[in-house]
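Below: one structure, written as structure tokens.
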Amino acid sequence: MRVIRILVLSLTTCGFCCCRLGFAQEEWIGRRVYYKVDAVARVDDRMVESDGLFDFPETVEVEDGDWVSLGQGWMLKRDLMNADEAFEYYDELVRTNPSAVFAWEGRASSATDRGDFERAIADFTYAIQLKPKSAPLYTNRAIAKNSSKDFNGAVRDCDVAATLDPQYASAYWARGFAYFSLGKAKEALADYDIAIGLNPTVAKLYADRGSLRYFEGDLEGAIKDSSEAIRIDPKCMMALNSLAWIHATASDSPKRDGKSAVKLATKACELTNFQDPNTLGTLAAAYAETGDFATAIRYLKQANDIDPNSSNEFRRKMLLSFQAQEPFRN
């Protein structure tokens, strides 16, 4: 079974080889990579085909000389490519070998990353015609449909995926996201619970379930899930940001902790190079909770400078609170 695919709709970054791209050796860790046709992986000292073992793309977790760990196994750096190169690579494969599922799936996944969801859905559809019993293909098409806001279509694809492989955790995660987006919280929570039961070591699952619980008013559950996500992956930006927001803005005073909020939000901003307006807004709220309104206003204005249109009315209310020397309550 493949690992859960972590989207950076997010939120969303890998090397062909260190020399070619000029990456420092340690910069491989945390990078998202695609892999080439006929690449092999090392799993428990055995060499196996990488196709079917990994998702497109994967994140480098550990580096050891010429090898990097992608969670399920190890691959040679020479068999990996930068995400920016992936679409052209798979596009050429599609032209030269149009019957290769690997090529269509790779181009589709790369198209999703590029925001070309129409192309992604079309390519996944063709790949499914070539391999109609593939739960990962249906799930990945559902992810593309989620990205294009076709949530009902995503649910239908995930229904097929879960039928084809009831143990495929990604299908429940993607369907949970779709249900969440459709306002069906009960169904979304049930799917997240199943996904976590099948794959309990994926931080993103807990972070997503925590977000659902927060919007449903279950702050205790949101704190628990966000904390577990951070325990599993201290660099889980979504969980860091969510937990910081709760500590900074909760109407329930025992759950507020300005100092912890600043620490968590600062780490989330560092992971996004202080270029994400959402994490910057959270950092602003955290500083306001500590009483440092000047710094709060500075970070809020930085968020607006980066993206003046996103949640502008919401940030306007935050700014009015800070100017009145009052922390923001959500």
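Values quoted throughout were computed directly from the atomic coordinates according to the rules given, and no laboratory measurement underlies them. All values reported here derive from a predicted model rather than from experimental measurement. Here the Cβ positions follow ideal geometry from the backbone for every residue, glycine too, while neighbour counts run over all protein chains shown.
Shown is the FRET efficiency for GLU27 and THR163, computed with R0 = 51 Å from the Cβ-Cβ distance and rounded to the nearest 0.05: 0.80. Charged side chains reduced to their Cβ positions (Lys and Arg at +1, Asp and Glu at -1) give the chain a dipole of some 720 debye around its Cα centre.
What does the charge add up to near GLU270, with Lys and Arg as +1, Asp and Glu as -1, over the other residues with Cβ less than 14 Å from its Cβ? Its environment carries a net charge of +2.
Taking every alpha-carbon pair under 8 Å whose residues sit at least 6 apart, segment 203-266 reaches a relative contact order of 27 percent. Helix content alone sets the calculated 222 nm mean residue ellipticity of the chain: runs of n ≥ 4 DSSP H residues at -39500 (n - 2.57) each, divided across all residues, give -18500 deg cm²/dmol. Taking each residue as 0.36 nm, the span from PHE274 to SER260 lengthens on full extension beyond its C-alpha to C-alpha distance by 3.2 nm. What net charge do the residues around ALA284 carry, taking every other residue with its C-beta under 11 Å from that of ALA284, with Lys and Arg at +1 and Asp and Glu at -1? Local charge sum for ALA284: +1. Modelled this way, with points 7 Å down the Cα-to-C-beta line, the labels at ASP292 and LYS186 are 4.5 nm from one another. Under 18 Å from the Cα of LYS184, which aspartates and glutamates turn up, not counting those fewer than eight places away in the same chain? Within the straight-line limit of under 18 Å, LYS184 reaches these aspartates and glutamates: ASP150, ASP157, ASP159, ASP193, ASP208, GLU216, ASP218. Relative contact order of segment 213-330: 21 percent, from C-alpha pairs under 8 Å at least 6 residues apart in sequence.
When both segment 102-158 and segment 239-287 are represented by their alpha-carbon centers, they are found 34 Å apart.
How would segment 213-261 be classified by its alpha-carbon gyration tensor: rounded, prolate or oblate, with rounded meaning a/c under 1.5 and the a/b versus b/c comparison settling the rest? Oblate is the answer for segment 213-261, as a/c is 1.5 or above yet b/c matches or exceeds a/b. Taking a straight line from the alpha carbon of LYS255, these lysines sit under 17 Å away, with near neighbours fewer than eight places off in the same chain left out: LYS224, LYS263. Using the Karplus relation 6.51 cos²θ - 1.76 cosθ + 1.60 with θ = phi - 60°, the per-residue 3J(HN,Hα) values for segment 264-270 come to 5, 5, 4, 5, 4, 5, 4 Hz, with x marking Gly and Pro.
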